[in-house]
């Protein structure tokens, strides 16, 4: 916390241990300097400053700014193995709002009040509370690293009051009839999207994970049907990669949590995948472009050698939902439907968490507890009734 003391026509503000801001009026103009040293030495420097003619302020090369810290911190994030897409998003936020606002501010002068005023201003400009909180998270992480590097004694972000990051969007979970309508509509106009919607529904995979799937990730198997001699084809899908876009580049990386997983699918779902495989084979033959050795499941190329971009899935889904008359649903909401349907069917939370690739079962419960079977709700009522009073 800065303290300010007046001495004649000037003043001294303590910004950090042995760091002082000197201000003095000379010929009607304010002259300001940053001084490093003891308080006594700062007072002596202030007296000298009072008799100096005003001159253009030149930044002290030893005084680091918020912009300097952001530059170093972004470079540090790249060396830490952060996703290129994540770093690119950090850079975008720093470039568009954080650096223009704070880039030239000396680190020693930055206060929690400065941050809170910026947050309020960004919200007034139309930025959502969640987005402002994301900007705060970047500043907080950079300033915390600055403390570790001994650039500043403490982080003003710790005392700042960013808006609550709670999302205002209600969780949307399309029902099976809506998903069926999406798939049947796409089968007539966009078979690749029919497969994308079906895969999201039967695996709960994220958009980037589905785009990264190859046929080598699908293992078909025949199992006996009850006591009959007939066999049923089922499959297991391995999800261990994801595609993300950074500018014009498409980058393959691990899953969001860094862990792979296996999702078993039933006979009807396996049959749908076989139909999609047949469509790809027919498209390849018609174009006289042989399929590559390990084709992608979701591809617009006749040889299936190049995956569809995640952003293309989003764009085409927007058109598909309009054609299918299923409004207000995002492609990612189909993943939410998978989680909700599994929980409602009584699948153990630990299993659902593993199938969806969540970092923890807490995340699964936080998002899908609304879908717990009636029995679970009844059990809660029973236990609640036993409370005293």
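A few notes on this one:
- Hey, residue 318 assigned to a helix (DSSP H, G or I) and either in contact with a strand residue (DSSP E or B) (Cβ under 6 Å, 6 or more places away or on another chain) or not assigned by TED's automatic domain parsing to the domain that holds residue 298 (or both) or not: no
- So residue 364, is it in contact with a helix residue (DSSP H, G or I) (Cβ under 8 Å, 6 or more places away or on another chain), in a helix (DSSP H, G or I) and modelled with pLDDT under 90: yes
- Any hit, the range 286-295, residues being touching a strand residue (DSSP E or B) at 6+ places or on another chain (Cβ under 9 Å) and under 28 Å from residue 234 (Cβ atoms): yes
- Considering the range 1-47, the residues that are touching a helix residue (DSSP H, G or I) at 6+ places or on another chain (Cβ under 7 Å) and assigned to a loop (DSSP other than H, G, I, E, B) include one that is modelled with the highest pLDDT, namely 9.
- Failed condition for residue 171, given (1) under 30 Å from residue 297 (Cβ atoms); (2) free of Cβ contacts under 8 Å to residues at least 40 places away in the same chain; (3) in a loop (DSSP other than H, G, I, E, B): (2)
- When residue 286 is tested against the conditions (1) surrounded by 18 or more Cβ atoms within 10 Å (Cβ to Cβ); (2) out of contact with any helix residue (DSSP H, G or I) (no Cβ under 9 Å at 6 or more places or on another chain), the lone failure is (1).
- Residue within the range 323-334 that is surrounded by fewer than 13 Cβ atoms within 10 Å (Cβ to Cβ), under 20 Å from residue 183 (Cα atoms) and modelled with pLDDT of 90 or more present: yes
- Flag for residue 171 being modelled with pLDDT of 95 or more and either farther than 30 Å from residue 305 by Cβ or under 20 Å from the mean Cα position of the chain (by Cα) (or both): no
- Residue 329 vs. criteria in contact (Cβ under 8 Å) with a residue 40 or more places away in the chain and outside the structural domain of residue 236 (by TED's automatic domain parsing): yes
- The single residue among 202, 237 that is assigned to a strand (DSSP E or B) and surrounded by 22 or more Cβ atoms within 10 Å (Cβ to Cβ) turns out to be 237.
- Among the residues of the range 58-103, those identified as surrounded by 12 or more Cβ atoms within 10 Å (Cβ to Cβ), in a loop (DSSP other than H, G, I, E, B) and free of Cβ contacts under 8 Å to residues at least 60 places away in the same chain are 60, 63, 82, 103.
- Meets criteria (free of Cβ contacts under 8 Å to residues at least 12 places away in the same chain, assigned to a helix (DSSP H, G or I) and within 30 Å of residue 331 (Cβ to Cβ)) for residue 126: no
The values are calculated or read from the model by the stated rules, or taken from the named source; none is laboratory data. This structure is a prediction, so every number in the text was calculated from the model and none was measured. Because the Cβ atoms are built from the backbone with ideal geometry, glycine has one as well, and the counts that use them run over all protein chains shown.
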